[in-house]
Amino acid sequence: MSLLLSYGESQSLRLTSPVPLNQHPAAVYLASLSEGSLPTMQQTLNAIAYLLTDGECDASTLNWAALRYKHTSALRTALKQKYAPATANKMLCALRRVLKEAARLDLIDPLDYSKAVDFQSIKGNSLLKGRALSKNEISNLIDICKADLTPSGARDGALIAILRGAGLRRAEAASLELKDFNPEIGALSVRQGKGGKDRLVYLPESAISLVKSWIEVRGSEPGPLLCPIRKGGEVQLRNMCPDAVLKIVRRRALAAGVECFSPHDFRRTFCSDLLDAGIDIVTVQKLAGHASVETTARYDRRGEEVKRKAVQKLDF
């Protein structure tokens with residue numbers, strides 16, 4: 001989709017010569033991200049650059065410091081038409097971050113910067129997509145993995161135990177190392193999660209046993225905790241990619257007769273179940289690695305009855 005900029009305007013947004021990475025606002029922004037976030041945001045910035053120049057530039061060749069309000073407001077309109085609100089707002093957030101780096105590098109006048117980022121987020125339905133899984137569905141998934149006596153069965157059981165038992169994002173699960181798992185207390189050290197933050201999470205007892213069973217198959221050699229497996233059953237000590245996590249979950253769901261869902265639905269189930277169990281929202285926020293309590297609150301499905309019971313605890 002073109003923003004209907006003239007050819008001359010599009011060309012004016014192209015860098016005329018290469019810029020050192022430490023002076024390139026997009027490169028500086030991308031360098032601040034965790035490894036899990038980097039590929040997605042690289043694609044996001046490329047998509048923005050394509051839209052702004054009708055496919056003439058990518059993130060590295062666009063002159064981000066040349067952007068003005070007329071460009072960013074037109075971009076907002078194009079994103080609103082092309083993407084869901086949540087996706088569009090994520091892209092606009094990336095745009096703001098890159099322009100902020102341009103201002104920090106003194107590449108853009110402060111007044112031009114303040115005008116360029118003066119656009120509103122796109123409003124939309126704030127309801128979470130996806131769904132929470134039932135206990136029966138989770139049990140069926142685990143049973144399917146246990147019935148598979150190949151190394152893949154043990155690995156997939158451990159993966160599902162980690163996604164459901166610790167509420168990890170799929171990129172976080174794929175990045176785990178063997179040293180990140182403490183079998184004595186079932187602790188997992190999540191390094192460089194979303195936002196580049198580290199956190200410590202814990203698995204329930206039933207999930208710990210599944211991870212231990214996988215390690216018996218995997219071996220005790222240092223390296224990634226969850227690994228690819230060749231067709232012959234050979235375990236390869238290298239990291240899985242996040243897309244592999246998605247494919248494994250979908251394959252096991254099909255085999256277990258469970259309605260289609262995404263790895264993130266394990267995370268939704270994790271947060272929702274903890275809130276249902278009466279765990280305070282700040283603790284759930286810390287376990288989930290959410291930046292704010294407001295994000296965690298969106299997973300609260302307890303309804304009006306919990307609020308009614310809560311006020312009964314007040315004594316007059």
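None of the figures in this text is laboratory data; all of them are computed from the coordinates on show. These figures come from a predicted structure and were not determined experimentally. Here the Cβ is made from the backbone with ideal geometry for all residues, glycine too, and neighbour counts use every protein chain on show.
The table below gives the values:
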{"read-out": "Tail beyond 24 Å, pair distance distribution of the chain (Cα, percent)", "value": "61 percent"}
{"read-out": "Relative contact order computed over the chain (Cα-Cα under 8 Å; 6+ residues apart), in percent", "value": "16 percent"}
{"read-out": "Listed residue pairs exceeding 20 Å between alpha carbons, taken from Lys194/Lys286; Lys82/Lys123; Lys146/Lys194; Lys179/Lys231; Lys197/Lys286", "value": "Lys146/Lys194; Lys179/Lys231"}
{"read-out": "Three-way shape label, the range 101-195, alpha-carbon gyration tensor, a/c 1.5", "value": "prolate"}
{"read-out": "Neighbour-count order for Arg267, Arg68, fewest beta carbons within 10 angstrom listed first", "value": "Arg68, Arg267"}
{"read-out": "Assigned charges on the beta-carbon of Lys, Arg, Asp, Glu; the chain dipole about Cα centre (debye)", "value": "560 debye"}
{"read-out": "Integer Hz, Karplus 6.51/-1.76/1.60 couplings in order for the range 182-188, x for Gly and Pro", "value": "9, x, 5, 10, x, 8, 10"}
{"read-out": "Average projected area [Cα convex hull, the range 135-302], square nanometres", "value": "9.3 nm²"}
{"read-out": "At q = 0.21 Å⁻¹, base-10 log of I(q)/I(0) for the range 46-160 (Debye sum, equal scatterers on each alpha carbon)", "value": "-1.10"}
{"read-out": "Relative contact order %, the range 7-116, counting alpha carbon pairs below 8 Å whose residues are six or more apart", "value": "33 percent"}
{"read-out": "Two-decimal Rg to Rh for the range 240-284 - Kirkwood Rh, Cα set", "value": "1.12"}
